[in-house]
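Q: Take a look at the following structure, please.
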Amino acid sequence: MAAGGAGVLYVVATPIGNLADLSQRAAQVLAEVDLIAAEDTRHTRQLLTHYGIHTRLWSSHEHNETERVPRLIERLEAGEDLALVSDAGTPLISDPGYPLVQAARARGLRVVPVPGANAAICALSAAGLPSDRFLFLGFPPRGAARRREWMASAASEPGTLILYEAGNRAALTLRELGEVLGPGRRAVVARELTKRFETFLDGRLADLAERISADPEQQMGELVVLVEGAGERGGESGQLAEGERVLKILLSELPLKQAAALAARITGGGKNRLYRAALGWRQGGPGER
Ligand code: SAM
């Protein structure tokens, strides 16, 4: 494709499940470049075969990237056009590719994105949680202490939190998120997007953790976890407001102490704080705050 001068590096998004999601432009680029650098060549070969594309593939993944990058840059500088793809979705987004893109840019080479699927954005677009501001966190780190620290660092983020996780770790991650962010925060689990068993589950963190750990089917496949930010309803004050709303309902049926304990369990709010709030309403008259 490149006539004279250096070639172009295309960063090409591929489907996250449904093969029909490859864009026409992406298929054309993959068919016309001289070489495709792929995370897993066998995986990408299946996609290429589906589209009748015969371009040569090179493997370039996190374990051989350091050695591969200079060779790929050489080819670009020799005038070849290359495409970078990962196994699914947009390269570099919790996927390999950053060292190659960084090196190409550092050499003044042209890097062209060919947009398409991305699991985080796909999930956010249909989850029903606020989408005007969000924080993409990628995969939780391994190791309980590091994971909790990582979760805590996002606790006061007002935007929707977006995490990647494997199905078999979903219940554990949701439980820990509940412990760190408060069990009453709303969350959505978007599983197997664009695939046959696509599901969206929504609820409070603690409740979702229980539902998923009780249902082996929900522990399979790939998923995106979205958690309501620490905004109006998600933060500490939001949790208190939700606790008070539930408490008012329970107070019409139950004694104060029992209602406060139950409201705290349902919403994750502090039992003592809810108890004091209810005492205050009593002194100020029914229904007053
Ligand atoms: N680069 C990809 C992207 O643009 O979304 C993400 C790659 S990352 C290695 C894989 C993770 O993305 C999975 O563990 C899961 O959290 C999420 N993911 C990928 N495909 C998905 C799908 N079809 N449904 C739900 N989550 C998916």
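The values are calculated or read from the model by the stated rules, or taken from the named source; none is laboratory data. Predicted model, so just to flag it, every value in this text is computed and none were measured. Neighbour counts run over all protein chains shown; Cβ positions are idealised from the backbone, glycine included. To get the accessible areas, we keep the full protein, side chains included, count just its heavy atoms, and leave off ligands, DNA and RNA. Shrake-Rupley method; radii C 1.70, N 1.55, O 1.52, S 1.80 Å.
Q: Output the number of the condition that GLY108 fails; it satisfies all remaining conditions of (1) more than 16 Å from the ligand (Cβ to nearest atom); (2) under 27 Å from ASP21 (Cβ atoms); (3) assigned to a loop (DSSP other than H, G, I, E, B).
A: Tallying (1) more than 16 Å from the ligand (Cβ to nearest atom); (2) under 27 Å from ASP21 (Cβ atoms); (3) assigned to a loop (DSSP other than H, G, I, E, B), GLY108 fails exactly one: (2).
Q: Got a number for residues in the range 9-25 being away from the ligand (no atom under 13 Å from the Cβ) and surrounded by 20 or more Cβ atoms within 10 Å (Cβ to Cβ)?
A: If we filter the range 9-25 for residues that are away from the ligand (no atom under 13 Å from the Cβ), which is where we start, we get 9-10, 20, 22-25.
Cutting the leftovers down to surrounded by 20 or more Cβ atoms within 10 Å (Cβ to Cβ) gives us 9-10, 22.
Residues meeting the conditions: 3.
Q: Tally the residues that are more than 7 Å from the ligand (Cβ to nearest atom) and surrounded by 15 or more Cβ atoms within 10 Å (Cβ to Cβ), restricting the search to the range 94-105. I'd like the intermediate steps shown before the answer.
A: Keep residues of the range 94-105 that are more than 7 Å from the ligand (Cβ to nearest atom), which gives 96-105.
Subsequent filtering for residues that are surrounded by 15 or more Cβ atoms within 10 Å (Cβ to Cβ) retains 96-97, 99-101, 103-104.
Selection size over the range 94-105: 7.
Q: Here is a follow-up. For the range 34-62, which positions are within 23 Å of the chain's Cα centre (by Cα) and open to solvent by 30 Å² or more (accessible area, probe 1.4 Å)? Talk me through it step by step, then tell me what you get.
A: Step one: of the range 34-62, the residues within 23 Å of the chain's Cα centre (by Cα) are 38-40, 43-44, 61-62.
Hits for the range 34-62 are GLU39, ASP40, HIS43, HIS61, GLU62.
Q: How many residues does the range 152-173 contain that are more than 13 Å from the chain's Cα centre (by Cα), buried (at least 18 other Cβ atoms within 10 Å of the Cβ) and within 16 Å of the ligand (Cβ to nearest atom)?
A: Final tally of qualifying residues: 1.
Q: Of all residues in the range 180-204, count the ones that are free of Cβ contacts under 8 Å to residues at least 24 places away in the same chain, of a type outside the set (A, V, I, L, M, F, W, C) and touching a helix residue (DSSP H, G or I) at 6+ places or on another chain (Cβ under 8 Å).
A: Number satisfying all stated conditions: 2.
Q: Is one or more of the residues making up the range 68-79 basic (Lys, Arg) and modelled with pLDDT under 95?
A: yes
Q: Something else about it: Are any residues in the range 177-186 open to solvent by 10 Å² or more (accessible area, probe 1.4 Å) and not in a loop (DSSP other than H, G, I, E, B), and if so, which ones?
A: Across the range 177-186, the qualifying residues are GLU179, VAL180, LEU181, ARG186.
Q: While we're here: Considering the range 27-46 alone, what residues qualify as being touching a strand residue (DSSP E or B) at 6+ places or on another chain (Cβ under 6 Å) and free of Cβ contacts under 8 Å to residues at least 40 places away in the same chain? Quick ask: steps written out before the conclusion?
A: In the first step, residues of the range 27-46 are kept if they are touching a strand residue (DSSP E or B) at 6+ places or on another chain (Cβ under 6 Å); the result is 29-30, 33, 35-38, 41, 44.
Hit for the range 27-46 is THR41, nothing else.
Q: Sticking with this structure for a sec: Out of (1) out of contact with any helix residue (DSSP H, G or I) (no Cβ under 6 Å at 6 or more places or on another chain); (2) among the hydroxyl-bearing types (Ser, Thr, Tyr); (3) on the phi < 0 side of the Ramachandran plot, what's the single condition that is false for SER60?
A: Only one criterion in (1) out of contact with any helix residue (DSSP H, G or I) (no Cβ under 6 Å at 6 or more places or on another chain); (2) among the hydroxyl-bearing types (Ser, Thr, Tyr); (3) on the phi < 0 side of the Ramachandran plot is unmet by SER60, namely (1).
Q: Let me ask another. Being in a loop (DSSP other than H, G, I, E, B) and open to solvent by 20 Å² or more (accessible area, probe 1.4 Å) is the filter here, so list the residues in the range 118-140 that pass it.
A: ASN118, GLY128, PRO130, SER131, ASP132, ARG133, PHE139
Q: Moving to a separate point now. Output yes when any residue across the range 187-194 is open to solvent by 50 Å² or more (accessible area, probe 1.4 Å) and either in the same structural domain as THR90 (by TED's automatic domain parsing) or farther than 28 Å from ALA20 by Cα (or both), and no when none is. Don't jump to the end; show me each part of the working.
A: The first filter runs over the range 187-194 and keeps only residues open to solvent by 50 Å² or more (accessible area, probe 1.4 Å), leaving none.
No, that holds for no residue.
Q: Another one. Which ones in the range 74-93 are buried (at least 19 other Cβ atoms within 10 Å of the Cβ) and of a type in the set (Val, Ile, Thr)?
A: VAL85, THR90
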